[in-house]
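Down below is the structure, laid out as structure tokens.
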Amino acid sequence: MKELALNILDITMNCSKAAATQVTLDLLEEENRLTVTIADDGCGMDAETVVKIRDPFYTTRTTRKVGLGVPFYVMAARQTGGDVTIESRQGENHGTCVTAVFYTDHIDCMPLGNMTDTVLTLIQGSPDVDFEYSHRGPGLAVELSTAQIRAVMGDIPLDTPEVLAWIRSYLEQQYSSLGRE
């Protein structure tokens with residue numbers, strides 16, 4: 001993949017497949033480091049699966065014999081000197097948290113890419129999931145809560161074109177006011 005936003009999209013889409021109802025996507029930029037945390041309340045994974053998902057020849061899909069999302073994400077972090085940690089629980093308090101650290105001053109660090117499009121794609125693809133998005137750093141504070149939007153919108157689905165257009169505008173205004181995206 002050519003930008004981290006696509007890796008983040010791929011990893012976050014797994015939350016919906018895990019029957020998550022709430023997903024938190026948090027990006028924190030500090031000096032030369034970008035930390036991306038993706039957490040959900042989905043069904044979780046057992047310890048064996050958490051280890052196996054780093055293997056490109058492991059997948060739970062029946063349509064193909066490889067699963068490259070997590071291995072590519074791990075590779076993208078490690079090639080910058082960073083890494084990925086994966087914590088997951090099943091049963092009570094179930095869910096998964098994937099935290100990746102990228103050193104942005106490393107020559108092999110991919111550009112972040114368009115997070116507005118990533119967030120919109122997630123919402124459009126899983127309109128019933130509550131997403132909490134945050135992108136913070138020096139002089140940077142972009143936030144979006146679909147739960148708050150739902151509270152105002154009532155029964156209007158989040159994946160309607162007008163709502164998606166408003167969400168795009170809302171995120172773009174936050175980024176452009178900071179001179180980003």
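The residues packed around residue 25, meaning those with a beta-carbon under 10 Å from its beta-carbon, carry a net charge of -3 if Lys and Arg are +1 and Asp and Glu are -1. Taking every DSSP helix (H) stretch of at least 4 residues in the chain, weighting each as -39,500 (n - 2.57) and dividing the sum by the residue count yields a mean residue ellipticity at 222 nm of -11000 deg cm²/dmol. For region 26-181, the dipole from Cβ point charges (+1 on Lys and Arg, -1 on Asp and Glu) about the Cα centre works out to 520 debye, to the nearest 20. Using the 1.4 Å probe convention, the accessible area of region 1-145 works out to 51 Å² per residue with neighbouring protein chains retained. In this Cβ point-charge picture (+1 for Lys and Arg, -1 for Asp and Glu), region 67-149 has a dipole of about 140 debye about its Cα centre. Here the label points at residue 128 and residue 155, each 7 Å from Cα along the C-beta direction, are separated by 1.6 nm in the simple model. A Cα-only calculation for region 1-51 places Rg and Dmax at 12.6, 35 Å. Descending by average beta-carbon neighbour count within 10 Å, the peptides 3-14, 82-93 line up as 3-14, 82-93, the highest first.
Each Cα pair of region 1-127 feeds into the Kirkwood radius, which the Stokes-Einstein equation turns, at 20 °C and 1.002 mPa s, into a diffusion coefficient of 144 µm²/s. As a rough guide to protection, the peptides 117-124, 169-176 ranked by mean Cβ packing within 10 Å, highest first, stand as 117-124, 169-176.
For region 69-181, compute Rh as the Kirkwood radius over C-alpha pairs and then the Stokes-Einstein diffusion coefficient at 4 °C and 1.567 mPa s; write the answer in µm²/s, rounded to an integer. Translational diffusion coefficient: 80 µm²/s.
I'd like to know which of 127, 114, 85 lies farthest towards the positive end of the charge dipole of region 52-169, counting +1 on Cβ of Lys and Arg and -1 on Cβ of Asp and Glu. The one lying farthest along the dipole's positive direction is 85. For region 140-153, the Karplus equation 6.51 cos²θ - 1.76 cosθ + 1.60, evaluated at θ = phi - 60°, returns couplings of 9, 8, 10, 9, 8, 10, 5, 5, 5, 5, 4, 4, 7, 7 Hz by residue, with Gly and Pro reported as x.
The values are calculated or read from the model by the stated rules, or taken from the named source; none is laboratory data. As the structure is a prediction and not an experimental result, all values here were calculated from the model. Glycine gets a Cβ as well: all are built from the backbone with ideal geometry, and neighbour counts include every protein chain shown. For accessibility, only protein heavy atoms count, side chains too; no ligands or nucleic acids. Shrake-Rupley method; radii C 1.70, N 1.55, O 1.52, S 1.80 Å.
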